[in-house]
Amino acid sequence: MIKRKYSVLEVGGGNHPDKRAHVVVDKYVEDNYHRSGALKVLKNQKFIHADGENLPFKDKEFDYVICRHVLEHVEDPVKFVKEQARVAKMGYMETPSLLGEYIAPKESHRWVVQDIDNKLVLYDKAQLNFNAWQDFGQVFLYHLPKTSIGFKILERTHASILTINYEWADDIEILVNPADSYYLNHFIKPWDESICDKFLYKQSYSKEVISTIAAVFDIMKSVTKSKLLKRQA
């Protein structure tokens, strides 16, 4: 029996498509308003111009779907995520966290997102009267990742500070503008220690040391690979 090839879809690869994806879908081909650079497709990737809310694929056509920093832009988030659950068996969704959006707010982001009890909870910025007075994106998204080893370690050991990293199987639980104060208070009330423990990954001292060491080795590997590629160029 011939084994079927594992297939990966990326929805909204933009200017930084994931190398694991075999097929990449994007709604905007020439308009860069929703991304930081021109559309890019890697070698051996098939590109399809399509809307993420109406994907041109059969049910469960893909084994896995990747979607990074797109959900916060879309018109209909429920339809958008349900389409991904329809065409793939499982997947990964990444968005700015609530903290991440305050640190690096973008005009193109319509929604603020938080993972609460394994549900993606979204609120329209306009409904929350969301107002971040300053954009520190240049500092936290570009400058520190290039210049600070300490920040590189933080990115690897506490990714949830800036991003939501949501893995799912079969279906995606999502709530949009829920009126329930349980959810709303996470977005509009000051965070106490219990909320910090809930959202910001907490581990024992020994595990913290192990994850820090692993992060340092990962950084060294990444830097070495980058230098080798530059020499070969």
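The values are calculated or read from the model by the stated rules, or taken from the named source; none is laboratory data. For clarity, every value in this text was computed on a predicted model and none was experimentally measured. So basically every Cβ, Gly included, is an ideal-geometry build from the backbone, and we count neighbours across all protein chains shown. The protein model used for the area step is the full one, side chains on, heavy atoms only, and it has no ligands, DNA or RNA in it. Shrake-Rupley method; radii C 1.70, N 1.55, O 1.52, S 1.80 Å.
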Revision key, fill the gap. Contact order relative to length for the chain, counting C-alpha pairs under 8 Å separated by 6 or more residues, stands in percent at 16
Exercise for review: Report, in deg cm²/dmol and to the nearest 500, the calculated mean residue ellipticity at 222 nm for the chain, where each DSSP H run with n ≥ 4 adds -39500 (n - 2.57) and the sum is divided by the residue count.
Suggested key: -9500 deg cm²/dmol
Check your understanding: Can you run phi through the Karplus equation (6.51, -1.76, 1.60; θ = phi - 60°) for the range 78-86 and list ³J(HN,Hα) in whole Hz, with x for Gly and Pro?
Key -> 5, 4, 4, 6, 5, 5, 5, 5, 6
Check your understanding: Which residue, Gly91, Gly137, Gly14, has the most motion in a Gaussian network model of the chain that connects Cα atoms within less than 10 Å?
Key -> Gly137
Exercise for review: Give me Rg over Rh for the range 1-69, both radii from the alpha carbons and Rh done the Kirkwood way, two decimal places.
Suggested key: 0.99
Revision key, fill the gap. Label model pair Gln134, Tyr33: point-to-point distance (7 angstrom along the Cα→beta-carbon line) in nm is 2.9
Check your understanding: Of the accessible area of the chain, with the probe set at 1.4 angstrom, what percent is carbon plus sulfur?
Key -> 57
Point to revise | Note, ³J(HN,Hα) from phi for the range 30-41, Karplus 6.51, -1.76, 1.60, rounded to Hz, x at Gly and Pro | key: 10, 7, 9, 4, 8, 8, 9, x, 5, 4, 9, 10
Point to revise | GNM flexibility winner over the chain from Val41, Val139, Val11 (Cα, springs under 10 Å) | key: Val139
Exercise for review: Once you've got the Cα coordinates, tell me which of Lys27/Lys106; Lys146/Lys225; Lys89/Lys225; Lys19/Lys230 are over 25 Å apart.
Suggested key: Lys89/Lys225
**Study point:** Probe 1.4 Å, all protein chains present, accessible-area order of Phe136, Phe199, largest first
**Key:** Phe136, Phe199
**Study point:** Interatomic Cα distance distribution for the range 130-230, bins of 10 angstrom, percent
**Key:** 11, 30, 34, 20, 5, 0
Check your understanding: Between Leu175 and residues 5 or more places away or on another chain, which pairs have amide H atoms under 5 Å apart, with H built 1.01 Å from N, and which residues are they?
Key -> Leu120, Val121, Leu122
Study note, to complete from the structure: Averaged per residue, the 1.4 Å probe accessible area of the chain, protein heavy atoms only, in Å², is roughly 60
Revision key, fill the gap. Those GluC sites (Glu not before Pro) from the range 44-87 that are DSSP loop and have at most 15 other Cβ neighbours within 10 Å turn out to be Glu75
**Study point:** Out-of-range pairs (alpha-carbon distance over 21 Å; input Lys82/Lys119; Lys58/Lys82; Lys125/Lys202)
**Key:** Lys125/Lys202
Revision key, fill the gap. Largest-first ranking of Cys67, Cys196 by accessible area, probe 1.4 Å, whole protein assembly kept, is Cys196, Cys67
**Study point:** Of Lys40, Lys221, Lys146, the one that fluctuates the most in a GNM where the chain has Cα springs shorter than 10 Å
**Key:** Lys221
Check your understanding: Under 19 Å Cα-Cα from Lys207, which lysines qualify once same-chain neighbours fewer than 8 residues away are excluded?
Key -> Lys152, Lys198
Review point. Can you give the three extents of the C-alpha atoms in the chain along their principal axes, from longest to shortest, in whole Å?
Key: 54, 46, 40
Exercise for review: Find which of Ala126, Thr147, Phe136 sits farthest along the positive direction of the dipole of the range 118-178, computed with +1 on the beta-carbon of Lys and Arg, -1 on that of Asp and Glu, about the Cα centre.
Suggested key: Thr147
**Study point:** Per principal axis, descending, Cα span of the range 1-130 in whole Å
**Key:** 57, 34, 22
